[in-house]
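A.B. asks: Take a look at this one; I'll ask things after.
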Amino acid sequence: MISTGIPFVDLSVQHRALRGELEAAIAEVIDASAFAGGPMVARFEEEFGAFCGSRQVIGVGSGTEALWLSLLALGIGVGDEVITVSNSFIATAEAISFASATPVFVDVDASTCTMDPTLLARAITPRTKAIIPVHLFGHPADMDSILKISRQYNIPVIEDACQGHGAKYRGRYAGTFGATGCFSFYPGKNLGSMGDAGAIVTDDAELADKLRRMRNHGQTTKYRHVNIGWNARMDGIQAAVLRVKLRHLGAWNDARRRHAAAYRLHLTGAPGILLPTAASYADPAWHLYCIRVRERDAVLQAMTDADIVCGIHYPVPIHLQEAYGALGLRRGSLPVTERLSEELLSLPLYPELTRVQLERVAKTLRKIVTHLAVQRKCV
Ligand SMILES: *Cc1c(COP(=O)(O)O)cnc(C)c1O
């Protein structure tokens, strides 16, 4: 029997296709015995910089470390506030907390699910030392408006581009606007390694030097430590994998864009659904395809029953997580974020998703929401 189940993400297809290349690249690292940092990492850094048009790339151990080290390198610490959003993966806030600073959340724009710049100015206090917009789901945040406030108050921007590889804001790559841009290469991201990895991009050579030292125990030359740093190096094997995959990122993102367009085509007019749209300035990387839907949990259950795996990004906003209970933020403090957490549903989306699979997802979803809409009219 052929399984008709549809996974949320399936990495096995791309790994089958690239198996030979990946094995050869990993073998090169084994032959060189350069596992922690090393020449393969340097080559990846150069190629990723060329890809996104950034002068400096610092490979690190994860996206979380990219954010954390960026904050530390900018001198953020005890008593400082960092403005960010609450509808993100928790790492955005954790990096701020691990830098001994306090996250301050502003609400998001309901149509882009990214930081609402009109709320930024009134969140700024004398303690505000950085702003971290998140290019959530691969849709770039409204950078012009955010950078305008950043310049006005002289507060640096750190971009959380962990979901934004290849996304463009007015034709320029997400991650290249702020003091630094932070990327994650967690396996399920648009560009994913075979373990954990991340990178910081910047055009500031001095900041880049500092970050290079910080990821490697503050070292300039062997056993000369000029700063207190950390071990946050990228693995040679991850760099080798990423170099192979980077060559396909453009084509993979194009496939994601085609899938997003196909979902729009097949789902337009379905009752009780709002489809994601790109803002006029945005060319999203479609890391996730998140619709807003009435009776989300019932829809999710019905999709699961139909053997289609969907996701929720994110079911509990960061400010309502137990871990951030000490901030004392109650339900109702970020109304748009909270409403999105109840309505968003992520549909299966990855480059290798087939037309047949996508059409089955759309058809099943349309049937489910139509049925629910009829029921609503009957009661
Ligand atoms: C994945 C992700 C991170 C963390 O990246 P890791 O590599 O898993 O540490 C941070 N922010 C966002 C928005 C992410 O999606």
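The values are calculated or read from the model by the stated rules, or taken from the named source; none is laboratory data. Quantities reported herein were computed from a predicted structural model and do not represent experimental measurements. Note that each Cβ is placed from the backbone with ideal geometry, even for glycine, and that neighbours are counted across all protein chains shown.
A.B. asks: Just one of Y223, Y263 is assigned to a loop (DSSP other than H, G, I, E, B) and away from the ligand (no atom under 14 Å from the Cβ); which is it?
C.D. replies: Details: Y263 fails: assigned to a loop (DSSP other than H, G, I, E, B).
Result of the check over Y223, Y263: Y223.
A.B. asks: Okay, next question. Residue pairs, Cβ under 7 Å, 6 or more apart or interchain, first in the stretch 247-267 and more than 16 Å from Y173 (Cα to Cα), second at pLDDT 95 or above and of a type in the set (K, R). List them.
C.D. replies: Listed by first residue and then by second, the contacts come to L267/R366.
Residue-wise test of (1) within 27 Å of A17 (Cα to Cα); (2) part of a helix (DSSP H, G or I).
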| residue | (1), (2) |
| --- | --- |
| G325 | no, yes |
| T337 | no, yes |
| Y350 | yes, no |
| V361 | yes, yes |
| H371 | no, yes |
| R376 | no, yes |
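A.B. asks: Just the residues that are in contact (Cβ under 8 Å) with a residue 40 or more places away in the chain, closer than 25 Å to Q375 by Cβ, within 24 Å of the chain's Cα centre (by Cα) and more than 16 Å from the ligand (Cβ to nearest atom), please, taken from the stretch 275-299.
C.D. replies: Residues of the stretch 275-299 in contact (Cβ under 8 Å) with a residue 40 or more places away in the chain: 276-279, 281-296, 298-299.
Going one step further and asking which of them are closer than 25 Å to Q375 by Cβ, we end up with 290-296, 298-299.
Then drop every residue that is not within 24 Å of the chain's Cα centre (by Cα), which leaves 290-293, 296.
The answer is I291, R292, V293, R296.
A.B. asks: Ok, one more. Of all residues in the stretch 162-176, which are within 16 Å of the ligand (Cβ to nearest atom) and surrounded by fewer than 24 Cβ atoms within 10 Å (Cβ to Cβ)?
C.D. replies: none
Yes/no matrix, rows are residues, columns are (1) among the aromatic types (F, W, Y); (2) in a loop (DSSP other than H, G, I, E, B); (3) within 23 Å of S54 (Cβ to Cβ):
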| site | (1), (2), (3) |
| --- | --- |
| N190 | no, yes, yes |
| M194 | no, yes, no |
| L207 | no, no, yes |
| R212 | no, no, yes |
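A.B. asks: How many residues does the stretch 92-103 hold that are surrounded by fewer than 23 Cβ atoms within 10 Å (Cβ to Cβ), of a type in the set (G, A, S) and not in a loop (DSSP other than H, G, I, E, B)?
C.D. replies: Summing the residues that are surrounded by fewer than 23 Cβ atoms within 10 Å (Cβ to Cβ), of a type in the set (G, A, S) and not in a loop (DSSP other than H, G, I, E, B) in the stretch 92-103 gives 1.
A.B. asks: Considering every residue within the stretch 12-25, establish whether at least one is touching a residue at least 60 places away in the same chain (Cβ under 8 Å), within 20 Å of W230 (Cα to Cα) and of a type in the set (V, I, T).
C.D. replies: no
A.B. asks: Are any of the residues in the stretch 209-217 within 20 Å of the chain's Cα centre (by Cα), under 22 Å from V57 (Cβ atoms) and crowded, with 19+ Cβ neighbours inside 10 Å? Explain how you work it out, then say what you get.
C.D. replies: Let us first name the residues in the stretch 209-217 that are within 20 Å of the chain's Cα centre (by Cα), namely none.
Checked against the condition, which is being within 20 Å of the chain's Cα centre (by Cα), under 22 Å from V57 (Cβ atoms) and crowded, with 19+ Cβ neighbours inside 10 Å, the stretch 209-217 yields no hits at all.
A.B. asks: Say we look at the stretch 53-63 and pick out the residues that are in contact with a Phe, Trp or Tyr (Cβ under 8 Å, 6 or more places away or on another chain) and within 13 Å of the ligand (Cβ to nearest atom); which of these is nearest to T102 (Cα to Cα)?
C.D. replies: Filtering the stretch 53-63 for residues that are in contact with a Phe, Trp or Tyr (Cβ under 8 Å, 6 or more places away or on another chain) and within 13 Å of the ligand (Cβ to nearest atom), the one nearest to T102 (Cα to Cα) comes out as G63.
A.B. asks: Can you tell me how many residues within the stretch 100-139 are within 13 Å of L71 (Cα to Cα) and within 14 Å of the ligand (Cβ to nearest atom)?
C.D. replies: Filtering the stretch 100-139 for residues within 13 Å of L71 (Cα to Cα) gives 100-103, 128-132.
This time we only want the ones that are within 14 Å of the ligand (Cβ to nearest atom), so: 103, 132.
Result for the stretch 100-139: 2.
A.B. asks: Condition (residue is at pLDDT 95 or above, under 25 Å from A42 (Cα atoms), in contact with a Gly (Cβ under 7 Å, 6 or more places away or on another chain) and outside any loop (DSSP other than H, G, I, E, B)) applied to the stretch 144-157: is it met by at least one residue?
C.D. replies: Initially, the stretch 144-157 is screened for residues at pLDDT 95 or above, giving 144-157.
Next cut, under 25 Å from A42 (Cα atoms) only: none.
No, every residue in the stretch 144-157 fails to be at pLDDT 95 or above, under 25 Å from A42 (Cα atoms), in contact with a Gly (Cβ under 7 Å, 6 or more places away or on another chain) and outside any loop (DSSP other than H, G, I, E, B).
A.B. asks: Of everything in the stretch 104-118, what is within 18 Å of the chain's Cα centre (by Cα), surrounded by fewer than 24 Cβ atoms within 10 Å (Cβ to Cβ) and not aliphatic (A, V, I, L, M)? Give them in sequence order.
C.D. replies: D107, D109, S111, T112, D116
A.B. asks: Determine which member of the set L358, L353, L347, L340 is farther than 18 Å from R264 by Cβ and in contact (Cβ under 8 Å) with a residue 60 or more places away in the chain.
C.D. replies: Numbers: L358 fails: farther than 18 Å from R264 by Cβ; L353 fails: farther than 18 Å from R264 by Cβ; L347 fails: farther than 18 Å from R264 by Cβ.
The unique qualifying residue is L340.
A.B. asks: Considering (1) within 11 Å of the ligand (Cβ to nearest atom); (2) under 26 Å from T337 (Cα atoms); (3) touching a residue at least 40 places away in the same chain (Cβ under 8 Å), say which one E159 fails and leave the rest.
C.D. replies: If we test E159 against (1) within 11 Å of the ligand (Cβ to nearest atom); (2) under 26 Å from T337 (Cα atoms); (3) touching a residue at least 40 places away in the same chain (Cβ under 8 Å), just (3) comes out false.
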